[in-house]
1. Name the residues in segment 60-78 that are assigned to a strand (DSSP E or B), surrounded by fewer than 15 Cβ atoms within 10 Å (Cβ to Cβ) and under 14 Å from the mean Cα position of the chain (by Cα), would you?
2. Can you pull out the residues in segment 1-22 that are touching a helix residue (DSSP H, G or I) at 6+ places or on another chain (Cβ under 7 Å) and not small (Gly, Ala, Ser)?
3. Sort out which residues of segment 1-25 are touching a Gly at 6+ places or on another chain (Cβ under 7 Å), surrounded by 21 or more Cβ atoms within 10 Å (Cβ to Cβ), hydrophobic (A, V, I, L, M, F, W, C) and not in a helix (DSSP H, G or I), and write them in order of number.
4. Report the residue count in segment 31-59 for those that are over 11 Å from the mean Cα position of the chain (by Cα) and either among the β-branched types (Val, Ile, Thr) or part of a loop (DSSP other than H, G, I, E, B) (or both).
5. Can residue 28 be described as under 14 Å from the mean Cα position of the chain (by Cα), assigned to a strand (DSSP E or B) and among the basic types (Lys, Arg)?
6. Residue pairs, Cβ under 8 Å, 6 or more apart or interchain, first in segment 1-28 and under 18 Å from residue 40 (Cα atoms), second of a type in the set (S, T, N, Q). List them.
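Values quoted throughout were computed directly from the atomic coordinates according to the rules given, and no laboratory measurement underlies them. Because the structure is predicted, anything quoted here is derived from the model rather than measured. Ideal geometry is used to build each Cβ from the backbone, glycine not excepted, and the neighbour counts take in all protein chains shown.
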Amino acid sequence: MALKQVHMHVRGRVQGVYFRASTQREAKRLGLTGWVKNRPDGGVEICAEGEEEGLKELIAWAQKGPSSARVERVDVRWRGYGGDFHDFRITE
């Protein structure tokens, strides 16, 4: 399986509902590295690297998020693997 990177912008009611902490837990469970952060526009931004299958699972999870979130839309961009991350962090 190929190593890849995915960049997501999650929109909806996704701040103040433990979205970042839940994303971090899910990414670690899937063996992914990268980061998640709140955006000034009220969304959440995710950058993750790892096996393509794990990234697809994270995308599917992000389309729902934690139970208190109301995800309206997830914009996904695939990128080449960079190998820049050692763990999965919450930033900002």
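1. Filtering segment 60-78 down to residues assigned to a strand (DSSP E or B) leaves 70-78.
Next, from what is left, pick out any that are surrounded by fewer than 15 Cβ atoms within 10 Å (Cβ to Cβ): 70, 72-73, 75, 77-78.
73, 75, 77, 78 - these are the residues of segment 60-78 that are assigned to a strand (DSSP E or B), surrounded by fewer than 15 Cβ atoms within 10 Å (Cβ to Cβ) and under 14 Å from the mean Cα position of the chain (by Cα).
2. 1, 4, 6, 8, 10
3. 10, 14
4. 6
5. No, not satisfied.
6. Listed pairs, sorted by first residue: 15/38; 17/68; 18/68; 20/38.
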